[in-house]
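As structure tokens, the structure follows; a few thoughts come after it.
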Amino acid sequence: MTTNKAKIKKGLLTVSFRQLEPQAIVDLVKEAQLDCIEWGGDLHVPHGDIATAEAVAAMTMEAGLEVAAYGSYYRIGVSEDDGLAFQSVLDSAIALGAPVIRVWAGGKGSAEADQEDRDSAVEDSVRIADLAAPHDITIAYEWHSHSLTDTLESGLRLIRAVDHSHVKTLWQPDTHHTVEENLAELTAVSDYLVNLHVYHWVGEARRPLEEGKEHWKQYFEVAAAAPGEHSAMLEFVRDDSPEAFLEDAKTLRSL
């Protein structure tokens, strides 16, 4: 019996290069022979700036690249009250042509969050997913510390409570976990997986992706067997260096 493997596209998160202008990032990704870009909402494509989103979408397409996601800084259950309306995030994602909007799972870690925080996160997740769904846009949680996805149990609890066809998750390895622990976590969330953030750290030190190649071979095996298409996007390159990025991109292509 054979297993149908999903295609994994290769790309970059632009938050890796906040110092570069959008056109320079597009040129760099093209040089790296990657497929796609997640554009960040903090600097390169600011939330609600439709003209910039349309211009960046055009330059991405003209280079033969795809927009993999819009990396917003919207925090479910928090941002609407703090002055960042999800509608402005959604408007930018639509103008950008992004199939996925990255959001943060609340404003507290799971150990600090109470039931009211969780209920608010679930309610807001459903609300924004309902807004995004008619545009065929998926909401995806950042899988990250200091949020409700900081543990596997908490992250799954959130996704299952929301139970929405347009709410999924991103995944990235926890640098404090073993490869086996990360594999188990990725396997557990694979039914909800959209994209992966790719890097290799030793402790708190950023290292060449080549050194973590054997780890990522295993991660990609799990991701490739997960339903749907996925993008694996480089992040946290050494010294925020374009040269280091090009080296890591070569490794990513080989994987």
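The values are calculated or read from the model by the stated rules, or taken from the named source; none is laboratory data. Everything quoted here is computed from the prediction, not taken from an experiment. Heads up, the Cβs are rebuilt from the backbone with ideal geometry, glycines too, and the neighbour counts pull from every protein chain shown. Calculation scope for accessible area: heavy atoms of the full protein, side chains included, ligands and nucleic acids excluded. Shrake-Rupley method; radii C 1.70, N 1.55, O 1.52, S 1.80 Å.
List of remarks:
- Estimated inter-spin distance, Leu246 and Val179, nm [label 7 Å along Cα→Cβ]: 2.9 nm
- A straight chain from Ser254 to Glu204 at 0.36 nm per residue would run longer than the Cα-Cα distance by 15.5 nm.
- Full-stretch length increase - His135, Thr187 - with 0.36 nm per residue and alpha-carbon distance subtracted: 15.8 nm
- For the stretch 139-220, the relative contact order works out to 26 percent when only alpha carbon pairs closer than 8 Å and six or more residues apart are counted.
- Antiparallel DSSP beta bridges within the chain, percent to nearest 5: 10 percent
- Between Arg127 and Ala24, the contour length at 0.36 nm per residue exceeds the Cα-Cα span by 33.5 nm.
- Counting protein heavy atoms only, the chain has 49 percent of its accessible area on carbon and sulfur, 1.4 angstrom probe.
- Spacing of the modelled spin labels on Ala225 and Gln33, each 7 Å from Cα toward Cβ, amounts to 2.9 nm.
- Number of Lys pairs (Cα under 27 Å; 8 or more positions apart or on different chains) in the chain: 28
- Residues Gln87 and Thr151, FRET efficiency given R0 of 35 Å [Cβ-Cβ distance, rounded to 0.05]: 0.70
- If R0 is taken as 45 Å, the Cβ-Cβ distance between His215 and Ile50 corresponds to a FRET efficiency of 0.65.
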